[in-house]
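K.L.:
One structure, as structure tokens, below. Some questions next.
Every number in this text was worked out from the coordinates using simple rules, so none of it is lab data. It should be emphasised that the depicted structure is a prediction, and the values quoted were computed from it without experimental measurement. Every residue, glycine among them, receives a Cβ derived from its backbone with ideal geometry; neighbour counts consider all protein chains shown.
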Amino acid sequence: MEGSITTPHDVERIHEIRRQSRTPVTIGACATSGGIQALRNFADVKEFVSIVYASPEYVSTLDRSTPIAAHVFVDYELRGCPIDERQLLEVLTGFLAGRRPSTPAHAVCLECKLRGTVCIMVAHGTPCLGPITHAGCGALCPAYDRGCDACFGPKETPNVGALASRITGHGARRDDVLRALRGFNAGAESFRAASETLERDDPERGGR
């Protein structure tokens, strides 16, 4: 299943799909964490609709963009924007063989170690979300001296607040960290909570 839940029709449809499916699998950042459209969760959707559409009364949309798992039970999630083809093949072959698919639950940092990539945050002070991001991309961005953008969403039990504090403590701007957390996986609960804390506590925004 692809796409986030953004309209009343989406809610009805996903329940119908769940009733007809033996093993629902969500595919991609939109389906697993609300997608980039989850940025609406931090603003007034009615105001957006009134500005963008000439006839907003014909637009039927929810105030929030949510992952499919927020509405129905999901058997498996394939994360990423885009997803990793190797994980897709593992899920398909696993289910066809009658076994539980095995995809990594560790952080991108382990992928950096496996490919011999020096930690860009330690070596160069480059802001990187690798320590809190679900593996699957092969640590592509750090291999090219770029910080991880968390395309695969949060790993299991991420300490997002601690990493955000460390990054900002090393000179990164709060707004940059905020934008990083509000990317493809803005609707993921751990990213949402940490970004709201950053926004609330930002002195430039009138926070503590």
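K.L.:
Got the relative contact order for the chain handy, in percent, Cα pairs under 8 Å and 6 or more residues apart?
P.N.:
21 percent
K.L.:
In nanometres, what is the gap between the two model label sites at K113 and R18, each 7 Å from Cα along Cα-to-Cβ?
P.N.:
Roughly 3.7 nm, to one decimal.
K.L.:
Oh, and also: Which one of A180, A43, A164 has the biggest mean-square fluctuation once the chain is modelled by GNM with Cα springs under 10 Å?
P.N.:
Among A180, A43, A164, the largest mean-square fluctuation in the Gaussian network model of the chain belongs to A43.
K.L.:
Using a Gaussian network model on the chain with a 10 Å cutoff between Cα atoms, which of L88, L78, L129 fluctuates the most?
P.N.:
Result for the chain, Cα springs under 10 Å: L88 fluctuates most.
K.L.:
Using a simple spin-label model with points 7 Å from Cα along the Cα→Cβ vector, what separation in nm is obtained for E90 and A193?
P.N.:
Distance between the two pseudo-spin positions: 2.6 nm.
K.L.:
Still on this model: With the chain treated as a Gaussian network of Cα nodes joined by springs under 10 Å, which of G147, G94, G80 yields the largest mean-square fluctuation?
P.N.:
Maximum among the listed residues: G94.
K.L.:
Of the listed values [x] 34; [y] 39; [z] 20, grab the one calculated as percent of Cα pairs over 28 Å apart from the structure here.
P.N.:
Calculated percent of Cα pairs over 28 Å apart: the matching label is [x].
K.L.:
Still on this structure: At 4 °C and a viscosity of 1.567 mPa s, what translational diffusion coefficient does Stokes-Einstein give for the stretch 8-96, taking Rh as the Kirkwood radius over Cα pairs? Give it in µm²/s as a whole number.
P.N.:
88 µm²/s
K.L.:
Using C-alpha positions alone, give me the convex hull volume of the stretch 108-205 per residue in cubic angstrom.
P.N.:
About 85 Å³ per residue, rounded to a whole number.
K.L.:
Still on this structure, I have one more. For the chain, what does -39500 (n - 2.57) per DSSP helix run (n ≥ 4), summed and divided by total residues, give at 222 nm, in deg cm²/dmol to the nearest 500?
P.N.:
For the chain, the value works out to -11500 deg cm²/dmol.
K.L.:
Rounded to the nearest Å, what's the spacing between the alpha carbon centres of the stretch 1-21 and the stretch 141-208? Just the number, please.
P.N.:
Cα centroid to Cα centroid, the span is 30 Å.
K.L.:
Take every Cα pair under 8 Å in the stretch 1-99 that's 6+ residues apart, average their separations, divide by the length, and report that relative contact order as a whole percent.
P.N.:
Once normalised by length, the contact order is 39 percent.
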